[in-house]
1. For the chain, set up a GNM with springs between Cα atoms under 10 Å and report which of 54, 44, 94 has the largest fluctuation.
2. Report, in deg cm²/dmol and to the nearest 500, the calculated mean residue ellipticity at 222 nm for the chain, where each DSSP H run with n ≥ 4 adds -39500 (n - 2.57) and the sum is divided by the residue count.
3. At a threshold of 8 angstrom on Cα-Cα distance, excluding pairs fewer than six apart, so keeping six or more, what relative contact order does the range 53-107 reach in percent?
4. Starting from one equal scatterer on each C-alpha and no solvent at all, send me the Debye-based log10 I(q)/I(0) for the range 22-106 at q = 0.14 Å⁻¹, two decimals.
5. Using 7 Å Cα-to-Cβ label points, what is the residue 27/residue 95 separation (nm, one decimal)?
6. What's the center-to-center distance, using Cα atoms, between the range 47-75 and the range 83-107 in Å?
7. Between residue 66 and residue 78, what is the label-point separation in nm under the 7 Å Cα-to-beta-carbon projection?
8. In percent, how large is the relative contact order of the chain, given Cα pairs closer than 8 Å and 6 or more residues apart?
């Protein structure tokens with residue numbers, strides 16, 4: 001326990017240096033901005049593959065499976081584009097550049 005208490009100040013110093021780094025914070029903030037999109041895609045995937053036989057039969061019978069799966073296709077399959085856009089957007093904001101222009105060029 002004493003060894004852990006001796007290493008805490010060093011870890012706190014390293015964490016504060018990483019938190020003050022513009023590039024690492026842009027990556028962190030970019031992923032945070034995309035999180036709602038990931039959640040929508042995850043719920044869509046969950047609803048498409050819910051392991052209840054009567055539910056699956058219902059959505060297949062009425063053709064709802066493709067409609068429910070559409071948000072997953074739009075969000076999760078092109079997540080790299082969203083992440084690239086928002087990381088560039090956050091980095092441009094921290095560097096004082098025009099966010100939309102920089103993030104559009106990044107894509």
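All of the numbers you see were taken from the coordinates with simple rules; none came from a lab. Fair warning: this is a prediction, and the values are worked out from it, not measured in the lab. So basically every Cβ, Gly included, is an ideal-geometry build from the backbone, and we count neighbours across all protein chains shown.
1. The residue with the greatest mean-square fluctuation here is 54.
2. Here the helix-only value at 222 nm equals -27500 deg cm²/dmol.
3. Reported relative contact order: 26 percent.
4. -0.57
5. 1.6
6. 35
7. The modelled label-to-label distance comes out at 1.8 nm.
8. Relative contact order for the chain comes out at 31 percent.
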